[in-house]
Amino acid sequence: MRIGAHVDPVDPLAGAAARQADAVQFFLTDPQGYKTPQPRPDAEALRASDVEVYIHAPYIVNVATLNNRIRIPSRKLMMAHAKAAADLGAQGLIVHGGHVGGGADLDAGFANWRKAFQYAESDGGLPLPILIENTAGGDNAMARTFDHLARLWDAVGEFGAGFCLDTCHAHAGGEELLGIVDRVKSITGRIDLIHANDSKDGFDSGRDRHDNIGSGKIDPELVIAVIRAAGAPVIVETPGGADGQAADIALLRGRAGS
Ligand SMILES: [Zn+2]
């Protein structure tokens, strides 16, 4: 079982070593900005490493929005990050499901996701899988509740979209973790990556504050059960720096890997 962590982008392989991680996830640019990723001097080392690489798209990417001044740059940025991630030998690019905002038409958001994949096809095709991640909140979110997720998949499934299941986001977003892997797979047919995080906030709170495994509001047995059932690589996005994440990785590896 491959378990890793979200690490600082300055030296991801050192970050992996410090946590005894089999996989790393990092940002290529400021997650709050519209910067185009630049070539990295450690690209060859990352490609050659046994450590699996995942790239997380900036948080401001929202390909679903009806606001064209956000939507158009978002899909271009998603494609630029996909290409840059592929250059590093990454397994996938994680992109949040996004949202259309209060009062807006959900179907327009699902259609915009479809257009983002069509744009990628017209721009040479995606060089690696896009892993759409469920979110804890967002007004009229595309991938918070699984009834919306099912409608999203009707729009994008044919493009080979992948899925990243975040346990904190599911809990805070109001989806029970018990049996969740089967529920997701009945919609998406696949889970490519698990984000294993505890939540500082309660069920269906809509808040996105991660905590170390067993320190928050989620029964750690549920997180372990999700990991076992999914059989996918795991990334922790938990606090406490290298020590905090190393402890989470060791706990999950000890319990879920056996
Ligand atoms: Zn996540």
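The values are calculated or read from the model by the stated rules, or taken from the named source; none is laboratory data. Keep in mind that this is a model prediction, so the values were computed, not measured. Glycine also receives a Cβ, built like all others from the backbone with ideal geometry; neighbour counts cover every protein chain displayed.
Among the residues here, Ile180 does not qualify as touching a strand residue (DSSP E or B) at 6+ places or on another chain (Cβ under 8 Å), within 16 Å of the ligand (Cβ to nearest atom) and closer than 28 Å to Ala17 by Cβ. Here the helices (runs of 4 or more DSSP H) wholly within region 20-123 that include at least 1 residues being within 17 Å of the chain's Cα centre (by Cα) are 68-87, 106-122.
Within region 137-148, being buried (at least 24 other Cβ atoms within 10 Å of the Cβ) and either closer than 15 Å to His195 by Cα or free of Cβ contacts under 8 Å to residues at least 24 places away in the same chain (or both) holds for Ala143, Arg144.
Within region 1-19, if we keep just the residues that are modelled with pLDDT of 95 or more and assigned to a loop (DSSP other than H, G, I, E, B), the residue that is surrounded by the fewest Cβ atoms within 10 Å (Cβ to Cβ) turns out to be Val10.
Here's the yes/no breakdown for (1) more than 14 Å from the ligand (Cβ to nearest atom); (2) within 30 Å of Val100 (Cβ to Cβ); (3) acidic (Asp, Glu):
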{"position": "Asn140", "(1), (2), (3)": "yes, yes, no"}
{"position": "Gly202", "(1), (2), (3)": "yes, yes, no"}
{"position": "Asn212", "(1), (2), (3)": "yes, no, no"}
{"position": "Glu221", "(1), (2), (3)": "yes, no, yes"}
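Exactly one residue among Leu131, Leu149, Leu126, Leu165 is within 24 Å of Tyr54 (Cα to Cα), among the aliphatic types (A, V, I, L, M) and touching a Cys at 6+ places or on another chain (Cβ under 6 Å), and that residue is Leu131. Right, Gly214: at positive phi, of a type outside the set (Phe, Trp, Tyr) and touching a helix residue (DSSP H, G or I) at 6+ places or on another chain (Cβ under 6 Å) or not? Spelling it out, Gly214 is indeed at positive phi, of a type outside the set (Phe, Trp, Tyr) and touching a helix residue (DSSP H, G or I) at 6+ places or on another chain (Cβ under 6 Å).
Conditions (1) away from the ligand (no atom under 16 Å from the Cβ); (2) in contact with a Lys or Arg (Cβ under 9 Å, 6 or more places away or on another chain), marked per residue:
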| residue | (1), (2) |
| --- | --- |
| Val95 | no, no |
| Val100 | yes, no |
| Gly103 | yes, no |
| Ala120 | yes, yes |
| Ile130 | no, no |
| Gly173 | no, yes |
